[in-house]
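In what follows, a structure is listed as structure tokens, so that the remarks can point back to it.
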Ligand code: AMP
């Protein structure tokens, strides 16, 4: 397609397709889906990974969650499936470390494959096996599985791998941390040699390199942003981030806006849909916000820009693409509703504030699973992003009262309130004047009644900080105990993935479980972590120290979860063996 000079990146293209995605070789059905999802351009990992995967190459990608890697491998596999005849057995196997990720990836495949009608199934431990068996019998094109449960199905012959065209190992470092190395080898050995393989990992320890050597053929290697990014961040921009769960992000953004009352704020989202949804949510909360994205025509965009420039619109909610051409000098705050998919995009976004020697603020909302991505941005931009705690309801109320006090002082200075005096006189005949003033302030503070009732937003412990401090503490466990993932210094699992039980910062009291197998059965700590996390569906971060002796193993787990873990693990196999489990009294 010929681009005229007028074709700014924000100009919708013919048929509305993103030229970026189309130029990667994706076909119309997928482009339509991406258009519906409001994706404006490929993320860096998608740009690098999609063409070689469409060419049938194996791929070794270093990329964390939040970079858009799920679409990077899903879009090519869907295109491949669209060109092949339906098989009796699965064509694609995606291996992931946890049940949460299995569900999430499965949903993503369904979302991206809406036009292609692929049959997708997530199988993971801890869920009943019968429905999985039935679904497999009915026929599945893409299966997303945790390694333990995948092996279980392979042994039962309910999962047949001979027709696989593609295998994806997602978050491979996590799978190794959870003790799945041998399971992965066992699974991969049973797949056809002709398959295409893609391996994604946030980190590349030598164990990953070794898996890649054994199972990938002449892979294309991609690593997004390995070089430091040219700063471009104005020194006067203060960078802050808040850890917040996805479901609390709107409330968190509103809370931050309430506290800072920024004059001219640019809020960045990833997709057009998010821009539209967030704009309407912010407006319903009383903000004057407008959306800006590539799906709007020039006249609409001009109107929104004019309104933002004149200060009539205080919040401009935009996608990266739409904001690219913006030249506004007075942006006081940049808010990243999502962590941008690359350090470059981050630098570009926050470079919108702090212009012309003015100070500026850049605020990012970070989901726990994106914490790693932010660390990477910090590292590559050589800047410090301060992790802050979300304001509480009490903070917000205090701030509101502070503002009322300032307004009252201004009214007092203006001395133009005579028409209210007789009301005050009447009231002070009966009441103490200070009480009357306090009651008036209470009334003023409740002036926003009808607005949604404020609730506390749960705080999430930043496990990167926690780990830094625990690693300096001397080991408290007796010799012979391996640390579980909770304090495991050697574990490189992305941090802050899930919350710990109990109130933040408090450790739950622990019970010790005795398992009837140990070193002689080649059991390793990771086997317990994998089994407990996936079979019992328990957050692996809560698992305590693990001690493996020759014939038995001891694993510390939170007391309140012990019974459930025993019940579930009593029924399953660890390393393919039935293992007895009981409570152990020290
Ligand atoms: P992932 O790294 O695959 O977990 O993706 C992180 C988030 O980015 C998901 O919510 C995706 O929907 C979103 N996403 C992926 N690719 C794009 C894109 N090209 N444009 C906008 N959002 C995207």
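Structure summary
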| item | result |
| --- | --- |
| Index of the failed condition, residue 434 passing every other in (1) touching a residue at least 40 places away in the same chain (Cβ under 8 Å); (2) more than 30 Å from residue 223 (Cα to Cα) | (1) |
| Any chance residue 77 is away from the ligand (no atom under 11 Å from the Cβ), without any contact (Cβ under 8 Å) to a residue 60 or more places away in the chain and crowded, with 20+ Cβ neighbours inside 10 Å | no |
| So residue 384, is it in contact with a strand residue (DSSP E or B) (Cβ under 9 Å, 6 or more places away or on another chain) and either outside the structural domain of residue 314 (by TED's automatic domain parsing) or surrounded by fewer than 14 Cβ atoms within 10 Å (Cβ to Cβ) (or both) | yes |
| Odd one out for residue 320 among (1) under 13 Å from residue 270 (Cβ atoms); (2) modelled with pLDDT under 90 | (2) |
| Qualifying residue in the stretch 401-415 (condition: without any contact (Cβ under 8 Å) to a residue 12 or more places away in the chain, out of contact with any helix residue (DSSP H, G or I) (no Cβ under 8 Å at 6 or more places or on another chain) and assigned by TED's automatic domain parsing to the domain that holds residue 254) | no |
| Matching residues in the stretch 13-68 - criterion: being within 11 Å of the ligand (Cβ to nearest atom), over 25 Å from residue 173 (Cβ atoms) and at pLDDT below 90 | 18, 20 |
| Within the stretch 515-541, tally of residues that are outside any loop (DSSP other than H, G, I, E, B), at pLDDT 75 or above and surrounded by 17 or more Cβ atoms within 10 Å (Cβ to Cβ) | 13 |
| Selection count, the stretch 261-317, where residues are assigned to a helix (DSSP H, G or I) and over 28 Å from the mean Cα position of the chain (by Cα) | 12 |
| Unmet requirement for residue 188, which otherwise passes all of (1) part of a helix (DSSP H, G or I); (2) in contact (Cβ under 8 Å) with a residue 12 or more places away in the chain; (3) within 16 Å of the ligand (Cβ to nearest atom) | (3) |
| Tally of residues being at negative phi and out of contact with any helix residue (DSSP H, G or I) (no Cβ under 7 Å at 6 or more places or on another chain) across the stretch 285-320 | 18 |
| The stretch 325-359: number of residues that are within 24 Å of residue 222 (Cβ to Cβ) and either out of contact with any strand residue (DSSP E or B) (no Cβ under 8 Å at 6 or more places or on another chain) or away from the ligand (no atom under 16 Å from the Cβ) (or both) | 7 |
| Hits in the stretch 542-571 (condition: assigned to a loop (DSSP other than H, G, I, E, B), surrounded by 19 or more Cβ atoms within 10 Å (Cβ to Cβ) and touching a helix residue (DSSP H, G or I) at 6+ places or on another chain (Cβ under 8 Å)) | 543 |
| Tally, over the stretch 312-324, of residues that are buried (at least 20 other Cβ atoms within 10 Å of the Cβ) and within 16 Å of the ligand (Cβ to nearest atom) | 7 |
| Which numbered condition residue 204 misses (of (1) out of contact with any strand residue (DSSP E or B) (no Cβ under 8 Å at 6 or more places or on another chain); (2) part of a loop (DSSP other than H, G, I, E, B)) | (1) |
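This table checks each residue for (1) touching a residue at least 12 places away in the same chain (Cβ under 8 Å); (2) under 25 Å from the mean Cα position of the chain (by Cα); (3) more than 16 Å from the ligand (Cβ to nearest atom).
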site	(1), (2), (3)
88	yes, no, yes
97	yes, yes, no
133	yes, no, yes
137	yes, no, yes
145	yes, yes, yes
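The values are calculated or read from the model by the stated rules, or taken from the named source; none is laboratory data. The model shown is predicted, which means the values in this text are computed figures rather than measured ones. Please note: Cβ atoms are built from the backbone with ideal geometry, for glycine as well, and neighbour counts cover all protein chains shown.
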